[in-house]
Amino acid sequence: MEATVIGVVIVLALLALLGTLSVRLVQQYQRGIVFRFGRVLDRVRQPGLQFIVPVADRMVRVSMQTVVMGVPPQGAITRDNVTLTVDAVVYYRVVDPVKALVNVHDYPSAVLQVAQTALRSVIGKADLDTVLGDRERVNAELKAVIDAPTEKPWGLLIERVEVKDVALPEGMKRSMSRQAEAERERRARVIAADGEYQASRRLADASRAMAATPGAYQLRLLQTVVDVAAEKNSTLVMPFPVELLRFFDQFSRTTPEQSAAGGPDLGPVTGTVAAAAEPDGGSPAT
């Protein structure tokens with residue numbers, strides 16, 4: 001009787017051990033690949049509890065999550081012979097777990113090496129302006145170059161590749177700074193000249209409009225006086241009317257006949273006074 005109980009206990013212990021060895025848990029983000037005596041079974045185990053044959057089978061879990069891998073800074077020379085130091089980040093995931101395990105050894109390291117080589121190759125084919133100004137094109141080329149040897153042979157999908165930082169030599173930074181400063185100064189001068197041109201056109205239009213209405217000059221003069229007086233200045237400068245200067249100019253001019261007679265026409269009253277002032281009481285001597 002005791003021997004029977006011991007035998008039952010041993011059998012139950014063996015069954016529990018076999019059950020422990022045959023049950024595997026696959027997470028939601030994983031897939032299970034079963035090797036039976038070293039050969040891969042066709043069926044990929046889905047998430048949940050999975051049973052394998054103890055001793056004969058071995059299960060390897062492969063993560064299907066997107067992996068974010070940083071590419072270390074790489075020194076490269078652009079097409080226009082500028083030395084750069086560029087780093088990037090690669091987003092990839094496994095789409096075929098069987099190929100990822102069987103066709104390549106340590107696929108994360110393999111993707112890293114391919115990304116470093118592709119980064120130097122793509123940067124070498126582009127010029128400096130493209131690397132700095134057209135990041136989307138560079139990222140697309142990097143994705144295509146890295147995805148070609150990894151998708152079908154290795155069962156990996158490169159989702160995104162982005163260039164993070166571009167380090168320039170100090171001399172190149174100073175040259176680009178001077179170039180940008182000169183470009184901004186040129187644009188400022190062009191804008192200022194265009195503003196002067198537009199202002200001159202508006203002033204010419206205003207002068208033609210004011211010329212058609214002579215009273216507009218006087219109104220503009222009074223408006224200027226009001227603007228100057230509003231500043232609380234102690235000195236007020238009044239412009240001298242041009243019409244008054246013309247009046248004095250016309251008054252000071254003499255005709256040729258008046259010059260031949262010895263002077264301007266002084267009028268009857270002024271002429272009598274001048275004759276009385278002569279010594280002989282007659283007309284002035286010639």
Given a 1.4 Å probe, the accessible area of the range 29-79 per residue, as a whole number of Å², is 62 Å²
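Just the C-alpha atoms of the range 37-96: what Rg/Rh do they give, with Rh taken as the Kirkwood radius?
Rounded to two decimals, Rg/Rh equals 1.30.
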Here the relative contact order (percent) of the range 137-229, from C-alpha pairs under 8 Å and at least 6 apart, is 15 percent
Scoring only Lys, Arg, Asp and Glu (+1, +1, -1, -1) among other residues with Cβ under 14 Å from the Cβ of Glu141 yields +2
What is the P(r) of the range 6-163, as percent of Cα-Cα pairs per 5 Å bin from 0? 2, 9, 15, 15, 12, 10, 9, 7, 6, 5, 4, 3, 2, 1, 1, 0, 0
Explain nothing, just compute: Karplus ³J(HN,Hα) = 6.51 cos²θ - 1.76 cosθ + 1.60, θ = phi - 60°, for every residue of the range 37-53 in order, whole Hz, x for Gly and Pro. 6, x, 10, 7, 7, 5, 7, 8, 6, 8, x, x, 7, 10, 10, 10, 7
Mean Cβ-within-10 Å packing, highest first, puts peptides 46-55, 119-128 in the order 119-128, 46-55
Provide the per residue accessible area, probe 1.4 Å, for the range 140-191, rounded to a whole number of square angstrom. 70 Å²
Quick query: amide H of Gln30 versus all other amide H atoms, modeled in the peptide plane; which residues come in under 5 Å with a sequence gap of 5 or more or a different chain? Met64
Between Ala140 and Tyr197, take the C-beta separation as r, use R0 = 51 Å, and let me know the FRET efficiency to the nearest 0.05. 0.70
Sort the range 113-208 into rounded, prolate or oblate with this rule: let a ≥ b ≥ c be the square roots of the eigenvalues of the Cα gyration tensor; rounded if a/c is under 1.5, and if a/c is not under 1.5, prolate when a/b is larger than b/c, oblate otherwise. prolate
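The values are calculated or read from the model by the stated rules, or taken from the named source; none is laboratory data. Just so it is clear, the model here is predicted, and its values are computed rather than measured. With ideal geometry, Cβ positions are generated from the backbone for all residues, glycine too; neighbour counts draw on all protein chains shown. For accessibility, only protein heavy atoms count, side chains too; no ligands or nucleic acids. Shrake-Rupley method; radii C 1.70, N 1.55, O 1.52, S 1.80 Å.
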